[in-house]
1. Rounded to the nearest 10 degrees, what's the angle between the helix 10-22 long axis and the longest principal axis of the chain, both from Cα atoms, 0 to 90?
2. If the reach is capped at under 20 angstrom between alpha carbons, list the lysines near K81, excluding any in the same chain fewer than eight residues apart.
3. Report ³J(HN,Hα) in whole Hz for each residue of region 30-36, in order, from the Karplus equation J = 6.51 cos²θ - 1.76 cosθ + 1.60 where θ = phi - 60°; Gly and Pro get x.
4. When the Karplus curve 6.51 cos²θ - 1.76 cosθ + 1.60 is applied with θ = phi - 60°, which whole-Hz ³J(HN,Hα) does each residue of region 44-52 get, with x for Gly and Pro?
5. Only helical DSSP H runs with n ≥ 4 go in: add -39500 (n - 2.57) per run for the chain, normalise by residue count and round the 222 nm mean residue ellipticity to 500 deg cm²/dmol.
6. Mind listing the phi-derived Karplus ³J(HN,Hα) values for region 89-102, rounded to whole Hz, using 6.51, -1.76 and 1.60 with θ = phi - 60°, and x for any glycine or proline?
7. Hey, what did the chain get for relative contact order, percent, Cα under 8 Å, at least 6 apart?
8. Note down, for the chain, the three equivalent ellipsoid semi-axes (square root of 5 times each alpha carbon gyration tensor eigenvalue), biggest first, whole angstrom.
Amino acid sequence: MAIFPRPVSPKSALGDFWGYFRQQRQHKWPLLGLSAALTYVIVWTFVIDANTNTMPTRNKIIYVESWDANRSDAAIILQQKIDFAKREAALVRQQQKMQGYADTFGIEWRDEEKRNSARRKEAVKAIDALLDERLAKAEAADKGVKAADAKPGVAQP
């Protein structure tokens, strides 16, 4: 029982292949190069895809700020205000970058930006007021604690 149909055999296929390469044709070598390059790209893509998200990750170092355990509430709230200001500045830079992309692609963003920036300014003002209120309370509490700790006739360091 033959594996291949009657007119096809590995011997005749190899003969056809060899006969094709013995002929003098202009497009023979460019097509061979193109087919080899295409095959290489396909195999390379599968190799890259096989390594995607399967390799073990290296140890990732995460740096955490170390805070003094005795710092006051006022110091914490001041740091929150600084961090909030940095976050707002980064948000403005990111928005400007995205607005540049929108201009490049012809997306209209100015009407929404006017509306959203007004709402954003109100929210930022409310958050700043809240932080200022908390800061005033914390500073008052710190002064009260320092005044209660101070004993008459004993010098404070």
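1. That works out to roughly 90 degrees.
2. K121, K125, K137
3. Working through the residues one at a time gives x, 5, 5, x, 5, 5, 5 Hz.
4. Values, residue by residue: 4, 4, 5, 5, 5, 5, 5, 8, 6 Hz.
5. On the way: 4 runs with 110 residues, N = 157.
Rounded to the nearest 500, it is -25000 deg cm²/dmol.
6. 5, 5, 5, 5, 4, 5, 5, 5, 5, 5, 5, x, 5, 4
7. Details: 21 pairs, mean separation 48.0, N = 157.
Result for the chain is 31 percent.
8. 76, 27, 13
Values quoted throughout were computed directly from the atomic coordinates according to the rules given, and no laboratory measurement underlies them. Quick caveat, the model's predicted, so the values are computed rather than measured.
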